[in-house]
1. Please work out which residue is nearest to Asn148 (Cα to Cα), limiting yourself to segment 20-43 and to residues that are hydroxyl-bearing (Ser, Thr, Tyr) and in a helix (DSSP H, G or I).
2. Lys46: surrounded by 10 or more Cβ atoms within 10 Å (Cβ to Cβ), among the basic types (Lys, Arg) and not in a loop (DSSP other than H, G, I, E, B), yes or no?
3. Output the residue which, of all residues in segment 41-54 that are β-branched (Val, Ile, Thr) and within 19 Å of the chain's Cα centre (by Cα), is farthest from Lys31 (Cα to Cα).
4. Could you say which residue among Leu77, Leu65 is without any contact (Cβ under 8 Å) to a residue 24 or more places away in the chain and not basic (Lys, Arg)?
5. Please pick out the residue among Gly55, Gly74, Gly66 that is at pLDDT 95 or above and at positive phi.
6. Write out, first by first residue and then by second, each pair whose Cβ atoms fall under 6 Å of each other, whose residues are 6+ apart or on separate chains, and whose first residue, in segment 17-28, is assigned by TED's automatic domain parsing to the domain that holds Arg43 while the second is surrounded by 14 or more Cβ atoms within 10 Å (Cβ to Cβ) and part of a loop (DSSP other than H, G, I, E, B).
7. Going by the conditions given, is Ala27 farther than 21 Å from Pro5 by Cβ and modelled with pLDDT under 95?
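The values are calculated or read from the model by the stated rules, or taken from the named source; none is laboratory data. Source: prediction; values computed, not measured. Neighbour counts are summed over all protein chains in view; Cβ atoms, including those assigned to glycine, are modelled from backbone coordinates with ideal geometry.
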Amino acid sequence: MNDLPKLDDLDRRILSTLLDDARVPYAEMAKQFQVSPATVHVRVEKMKAAGIIEGTEILVNTKKLGYDVCCFIGINLKAARDYHSALDKLNQLDEVVEAYYTTGAYNIFVKLMCRSIEELQFVLIDKLQAIDEVQSTETLISLQNPINRNVIP
């Protein structure tokens with residue numbers, strides 16, 4: 001049984017517009033799509049209620065804040081039962097900005113942001129690898145992020 005919310009063309013166009021710029025006024029979208037502002041408002045509220053739209057966010061330029069090192073770390077845990085406690089400890093590290101529970105070579109895959117290679121080394125040795133549940137790690141340093149986009153509605 002498929003419980004996914006049904007989106008029509010207008011919903012997709014509204015969502016696409018909001019993904020490009022979440023600050024576009026409903027009245028402007030209404031004019032563009034030849035519907036009333038109330039219709040746009042109702043559609044957005046229905047997508048919020050269905051959990052399709054979970055909020056709005058500010059995009060921060062990490063480089064402008066001095067975070068020059070982005071890396072991905074594959075983490076192997078000592079035991080599968082260590083997942084929840086390891087995740088709790090990873091969540092306490094400010095440098096960890098994303099975490100995924102994965103299949104394959106690693107139990108957990110995290111994205112880390114650091115100001116320098118020296119800071120990355122400190123985080124790896126003194127924070128991440130110091131977590132009791134962590135058996136081993138593999139670090140991949142990102143050289144650039146040429147594609148960064150949302151799914152197309």
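1. Taking segment 20-43 and keeping what is hydroxyl-bearing (Ser, Thr, Tyr), we get 26, 36, 39.
So of that shortlist, the ones also in a helix (DSSP H, G or I) come out as 26, 39.
Values: Tyr26: 26, Thr39: 31 Å.
Ranking the candidates gives Tyr26 first.
2. Numbers: surrounded by 10 or more Cβ atoms within 10 Å (Cβ to Cβ): yes; among the basic types (Lys, Arg): yes; not in a loop (DSSP other than H, G, I, E, B): yes.
Answer is yes for this residue.
3. First, pick out the residues of segment 41-54 that are β-branched (Val, Ile, Thr): 42, 44, 52-53.
Filter once more, so that each one left must be within 19 Å of the chain's Cα centre (by Cα): 52-53.
On the way: Ile52: 23, Ile53: 22 Å.
So, considering only residues that are β-branched (Val, Ile, Thr) and within 19 Å of the chain's Cα centre (by Cα), the one farthest from Lys31 (Cα to Cα) is Ile52.
4. Of the residues listed, the single one that is without any contact (Cβ under 8 Å) to a residue 24 or more places away in the chain and not basic (Lys, Arg) is Leu65.
5. On the way: Gly55 fails: at pLDDT 95 or above; Gly74 fails: at positive phi.
Exactly one residue qualifies, and that residue is Gly66.
6. Thr17/Val24
7. Details: farther than 21 Å from Pro5 by Cβ: yes; modelled with pLDDT under 95: no.
Spelling it out, it is not the case that Ala27 is farther than 21 Å from Pro5 by Cβ and modelled with pLDDT under 95.
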